[in-house]
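Report on one structure; see the data block that follows.
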Amino acid sequence: MRYVIIGNSVAACGCIEAIRKVDLQNPIVVISDEKYRVYSRPLISYYLGGKVDENKMYIRDEDYYEKNKVEAILGKRAVSVDFKNKEVVLDDGSKVKYDKLLIATGGKPFVPPTKGFELKNVFTFIKFDDVKAIDVAIKNGAKKATVIGAGLSGLKAAEALIKRGLEVTVVELANRILGSILDLEASKIVQDELEKHGIVFKLETSVDEIIGDGKVEKVKLKNGEVLDTDIVVFAIGVVPNIDFLKGTELKINRGIVVDDHMRTNIEDVYAAGDCAEGYDCVYQQQRVIPIWPNAYNQGETAGYNMAGVEKTFDRGFPMNSIGFFDVHMITAGIVMPNSDDIEVLVKHDKEKNSYRKIYIKNGSVLGFMFINSIDRAGMITNMIKEDLNVESIKHRLLDDDFGYLDLPKELRQEKILGGAKA
Amino acid sequence: MAKKIFPKEEVCVGCHLCEVYCVYAHSKYKKPTVKAHELVKLYNKYKDSKPTPRILVEEKSGEWTTFALQCRHCDDAPCTKACITGAMKKLEDGRVICDEEKCVGCWSCIMACPHGAVRRGENKKAASKCDLCLELGEPACVKNCPNEALVIKEV
Ligand SMILES: Cc1cc2nc3c(=O)[nH]c(=O)nc-3n(C[C@H](O)[C@H](O)[C@H](O)COP(=O)(O)OP(=O)(O)OC[C@H]3O[C@@H](n4cnc5c(N)ncnc54)[C@H](O)[C@@H]3O)c2cc1C
Ligand code: SF4
Ligand code: SF4
């Protein structure tokens, strides 16, 4: 038996760790086109901003592969998979045989066709090498930066660039920043904070053309404005990284379609993480949920099943925890529902600059957004996961001192003691 | 299987002493017991912020119930799966600890912990949570609770 994993990020970690809980013997092979041992993508902005050094980018110890008996093939890309003969073909022509395969190739940057994208100092913002290249550009004297996209990674890029002393402009097509997780009011709180630190926003427009002679010099926006800039960072979003599998018998919708065991339509082939489309229990449909905890959980589920231990995972849903300077927010579930049988609870404490908003449907929490009042938010994330009826306690959910004392005694004791007696 | 600390809400008097001992046990003194003058010295060390206990005494106005909650060292430890740095990890003996050097304060663990057991530590820089007093061998809160409202058990 030979386990093979394409991709070497957090979904791969989940898979390796699950396999090794139940199978200490059989070899695991991990293939990655990046040359680094497993590191954290979310940390690239912290690296760029100077908060973590190269050492701290790695999410597992140096002896991780050795300890877990993993053969890591780094710096080589899988170019195709021969599902009939069960082998992965690499870019150097070599082949890797598998008995069980996990596809965990994650996401790749989405870049709309843009004139001038090929110019020097135009970057995407996903990989360690991306920020290393940006770092070089800054060390070579870049002073002005334009970030395209005011989503999570775009704003993380902007925050890091400001910390490095650059002048930063963020361009966003929507009418607000962080449009996928915040409503207008919440988004304003965060935008104010970012503007306080010097970030300039151009909303409701996008990039038309990147201009320069070999190297980027200006960006022209759709609204006609032209900005001087030394670097451009595209951070519009990610799409599943599965081009090399298109046209095969593997079932692909937006991502690789998986069931609650992370099985694909092909026997012995599994998929997990940002490249996979699994069940979202809040939206109640198949969706790509491109976040870290989901990638780990899916990878772990795949690993157990690959090793012959049946486990299911059907409790995935979007959740985000992110902060800029001193503003922190946690959001989960559906945060912009558009049906009218939903109850909305809101509390905006202007003095504390905090905001809590919760959506309830049929007695269950459908989603929430919390800004600057995030302690113990996991209790509410967990209520979504467990589909707990909150009818009797719902108004307490807005208070930042919400806790176990708000739950009925029996439920509280069950949760804390987990069946044991103190 | 991990050891866990269980709170008994029937006998907790809400004195918060567990928090005091917790802070002290995780200070640079790392001692299981504390004398008042040492505590004053300790507090003077923290210039701009108060030290954060890794235990949380729940109380609510109008209610007589109180109890002290800390990390459950969950078998499936959702905090470790959400952590973007690898700082939050489960040790072989079942304990879940946070490597505060590695932590970047993204609070993904707070988002994921079903018990609300992770706190933001001093200056809100790194996650701060119960480590079952790794270096003392015995949790300071359990040892010093005047009413034996905290017990440690293998489950
Ligand atoms: C800047 C940034 C910040 C983020 N911050 C957060 C955050 O705070 N919280 C959060 O939950 N999520 C965050 N995310 C998202 C999170 O990083 C992803 O959800 C997570 O990394 C997905 O993990 P994965 O294992 O599915 O794949 P990925 O991390 O995408 O890794 C896939 C790996 O496979 C490799 N690969 C791809 N194709 C091939 C091939 N053909 N052959 C060989 N190797 C291949 C890739 O190079 C890569 O190394 C952030 C993402 C970015 C870019
Ligand atoms: S911090 Fe929370 S999620 Fe993590 S082990 Fe402790 S109780 Fe469980
Ligand atoms: S706050 Fe620290 S321990 Fe918690 S998830 Fe973030 S990096 Fe990990």
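The values are calculated or read from the model by the stated rules, or taken from the named source; none is laboratory data. Quick caveat: nothing in here was measured; it's all calculated off a predicted structure. Every residue, glycine as well, gets a Cβ built from its backbone with ideal geometry; the counts of neighbours run over all protein chains shown. Note: accessible area is taken over every heavy atom of the protein model, side chains too, but ligands, DNA and RNA are not part of it. Shrake-Rupley method; radii C 1.70, N 1.55, O 1.52, S 1.80 Å.
When the residues of the range B:82-100 are filtered to those that are in contact with a helix residue (DSSP H, G or I) (Cβ under 8 Å, 6 or more places away or on another chain) and near ligand 3 (Cβ under 8 Å from one of its atoms), the one that is farthest from the other protein chains (Cβ to nearest Cβ) is B:Cys98. Does B:Val142 satisfy the condition of being in a helix (DSSP H, G or I) and either without any contact (Cβ under 8 Å) to a residue 40 or more places away in the chain or more than 8 Å from every other protein chain (Cβ to nearest Cβ) (or both)? Yes: the conditions hold for B:Val142.
For the range A:1-34, taking the residues that are more than 16 Å from ligand 1 (Cβ to nearest atom) and farther than 17 Å from A:Val309 by Cβ, the one that is most open to solvent (accessible area, probe 1.4 Å) is identified as A:Arg2.
Residue pairs whose Cβ atoms lie under 7 Å apart, separated by 6 or more positions or on different chains, with the first residue in the range A:315-341 and at positive phi and the second part of a strand (DSSP E or B) and surrounded by fewer than 24 Cβ atoms within 10 Å (Cβ to Cβ), are A:Gly333/A:Leu366.
When the range B:102-140 is filtered for residues that are touching a Leu at 6+ places or on another chain (Cβ under 8 Å) and more than 15 Å from ligand 2 (Cβ to nearest atom), only B:Val104 remains. The condition (being surrounded by fewer than 22 Cβ atoms within 10 Å (Cβ to Cβ), more than 13 Å from ligand 1 (Cβ to nearest atom) and of a type in the set (A, V, I, L, M, F, W, C)) is satisfied by just one residue among B:Cys74, B:Cys113, B:Cys130, B:Cys98: B:Cys74.
Of all the residues in the range A:374-390, those that are open to solvent by less than 10 Å² (accessible area, probe 1.4 Å) and either more than 11 Å from every other protein chain (Cβ to nearest Cβ) or acidic (Asp, Glu) (or both) number 1.
Output the number of residues of the range B:53-69 satisfying the condition of being surrounded by 22 or more Cβ atoms within 10 Å (Cβ to Cβ) and more than 10 Å from every other protein chain (Cβ to nearest Cβ). So the answer is 4. Residues in the range A:391-414 that are buried (at least 18 other Cβ atoms within 10 Å of the Cβ) and charged (D, E, K, R): 2 in all.
Could you say whether any residue in the range A:63-75 is over 20 Å from A:Asp274 (Cα atoms), in contact (Cβ under 8 Å) with a residue 24 or more places away in the chain, away from ligand 2 (no atom under 16 Å from the Cβ) and charged (D, E, K, R)? For the range A:63-75, residues over 20 Å from A:Asp274 (Cα atoms), in contact (Cβ under 8 Å) with a residue 24 or more places away in the chain, away from ligand 2 (no atom under 16 Å from the Cβ) and charged (D, E, K, R): present.
One residue alone among A:Ser32, A:Ser94, A:Ser80, A:Ser45 is closer than 19 Å to A:Lys156 by Cβ and not aliphatic (A, V, I, L, M), and that residue is A:Ser45.
Meeting the requirement of 3 or more residues that are touching a Ser or Thr at 6+ places or on another chain (Cβ under 7 Å) and free of Cβ contacts under 8 Å to residues at least 24 places away in the same chain, no strands (runs of 3 or more DSSP E) wholly within the range A:82-152 can be named.
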